[in-house]
Amino acid sequence: MRHRVRRGHRTVRHPAPGTVRAVPGRRPRGADRRFRMDAGVVGHSGTMGGTLDEARLRQELVFHYERVEALGLNELSSGNLSVRFGDGMLISASGASAESIAEESVVEVSLDGVWAGEFKPSSEWRMHAAIYRRHPEAGAVVHTHSDYCVAVASHNRPLPGFHYLVGVFGGNDVPCVPYSTFGTQALADDAAQALTHRTACLLGQHGMICRARDLARAVKTAHRLEIMCRQYVLACRLGEPARLTDAEWEEFHRRVRDVPYDDGGRAGEGT
């Protein structure tokens, strides 16, 4: 089968919008396709064109894409996942869902938007690429439309420091970037900037995005943010909750440096 290289949104023969074609002979879901997630990522080295690590990274991305839906963080074809690969990334396809995603449909794309093969990359590839460019420590990115993150982001305001675990994202709040149309460079630039001192941010009237050193930690970060947003929404039923003071935040971050909190979502160590 002859592949054609595409750049940006220019396409030649790809599946209908909103769909990802089933791949004949794909491996079964569930126990028959399970692998050890505690072994860590083999590596992100390589160039466009593939290495021995590519198959492992594709397998991990599919595993975690399905896990994100199982955790209730995404539904239908909303959201996307990526992992750094060489000078570019592997990213879920446009229109992918937990039911349709396959290792063969994961798209290899450069940070400039060059891609090849049968499947088109997620429309949010620019946001992922901007994060990888700006944050060399980022090895994986997760973007979701999870319910409570969307609820808070719909007010176009940050998640405040109402609970000490808000601090695991790197500060005393989780910022919310202003609304921009999906798939645009404006949204990509805002998200990458917001993650300078945080591992996660909200996207106004949209959802959330986070970075981590690998997919397992990125999914954990996304899950933690959804939990914190849910608890904040619940707390607001009794009125606006109190905030931790600056002194309390200083003590929290000192304590975490001395006794690392095994959450995987804190900026710097553990990400």
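I need a count of the residues in the stretch 207-224 that are within 24 Å of SER180 (Cα to Cα), out of contact with any helix residue (DSSP H, G or I) (no Cβ under 6 Å at 6 or more places or on another chain) and not small (Gly, Ala, Ser).
2
Taking the stretch 68-81 only, how many residues are buried (at least 20 other Cβ atoms within 10 Å of the Cβ) and either part of a loop (DSSP other than H, G, I, E, B) or free of Cβ contacts under 8 Å to residues at least 40 places away in the same chain (or both)? Even if it seems obvious, please write down each step before you answer.
Keep residues of the stretch 68-81 that are buried (at least 20 other Cβ atoms within 10 Å of the Cβ), which gives 68, 73-74, 77, 79-81.
Adding the requirement that they be either part of a loop (DSSP other than H, G, I, E, B) or free of Cβ contacts under 8 Å to residues at least 40 places away in the same chain (or both) leaves 73-74, 77, 79.
Residues that pass the stated criteria total 4.
Listed here are the residues, each with its yes/no results for (1) surrounded by fewer than 21 Cβ atoms within 10 Å (Cβ to Cβ); (2) modelled with pLDDT of 95 or more; (3) part of a helix (DSSP H, G or I); (4) in contact with a helix residue (DSSP H, G or I) (Cβ under 9 Å, 6 or more places away or on another chain).
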{"site": "LEU61", "(1), (2), (3), (4)": "no, yes, yes, yes"}
{"site": "HIS64", "(1), (2), (3), (4)": "no, yes, yes, yes"}
{"site": "VAL83", "(1), (2), (3), (4)": "no, yes, no, yes"}
{"site": "SER123", "(1), (2), (3), (4)": "yes, yes, no, no"}
{"site": "ARG126", "(1), (2), (3), (4)": "no, yes, yes, yes"}
{"site": "ALA129", "(1), (2), (3), (4)": "no, yes, yes, yes"}
{"site": "ARG133", "(1), (2), (3), (4)": "yes, yes, yes, yes"}
{"site": "PRO136", "(1), (2), (3), (4)": "yes, yes, no, no"}
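Can you tell me which of ALA218, ALA247 is on the phi < 0 side of the Ramachandran plot, buried (at least 17 other Cβ atoms within 10 Å of the Cβ) and either modelled with pLDDT under 95 or assigned to a helix (DSSP H, G or I) (or both)?
None of the others qualify; the one that does is ALA218.
For the stretch 234-244, which positions are in contact (Cβ under 8 Å) with a residue 12 or more places away in the chain and either touching a strand residue (DSSP E or B) at 6+ places or on another chain (Cβ under 8 Å) or surrounded by fewer than 13 Cβ atoms within 10 Å (Cβ to Cβ) (or both)?
ALA242
Tally time: how many residues in the stretch 87-121 are closer than 23 Å to LYS220 by Cα and in a helix (DSSP H, G or I)?
Counting residues in the stretch 87-121 that are closer than 23 Å to LYS220 by Cα and in a helix (DSSP H, G or I) gives 1.
Do you know which residues across the stretch 155-206 are crowded, with 22+ Cβ neighbours inside 10 Å, in a loop (DSSP other than H, G, I, E, B) and touching a Leu at 6+ places or on another chain (Cβ under 7 Å)?
GLY161 - this is the single residue of the stretch 155-206 that is crowded, with 22+ Cβ neighbours inside 10 Å, in a loop (DSSP other than H, G, I, E, B) and touching a Leu at 6+ places or on another chain (Cβ under 7 Å).
Do we have ALA200 as within 30 Å of ARG56 (Cβ to Cβ) and either modelled with pLDDT under 95 or within 12 Å of the chain's Cα centre (by Cα) (or both) here?
On the way: within 30 Å of ARG56 (Cβ to Cβ): yes; either modelled with pLDDT under 95 or within 12 Å of the chain's Cα centre (by Cα) (or both): yes.
So ALA200 fits the description; yes.
Taking the stretch 98-155, which residues are more than 15 Å from the chain's Cα centre (by Cα) and of a type in the set (Ser, Thr, Tyr)?
The answer is SER100, SER105, SER110, TYR148, SER154.
The values are calculated or read from the model by the stated rules, or taken from the named source; none is laboratory data. As the structure is a prediction and not an experimental result, all values here were calculated from the model. With ideal geometry, Cβ positions are generated from the backbone for all residues, glycine too; neighbour counts draw on all protein chains shown.
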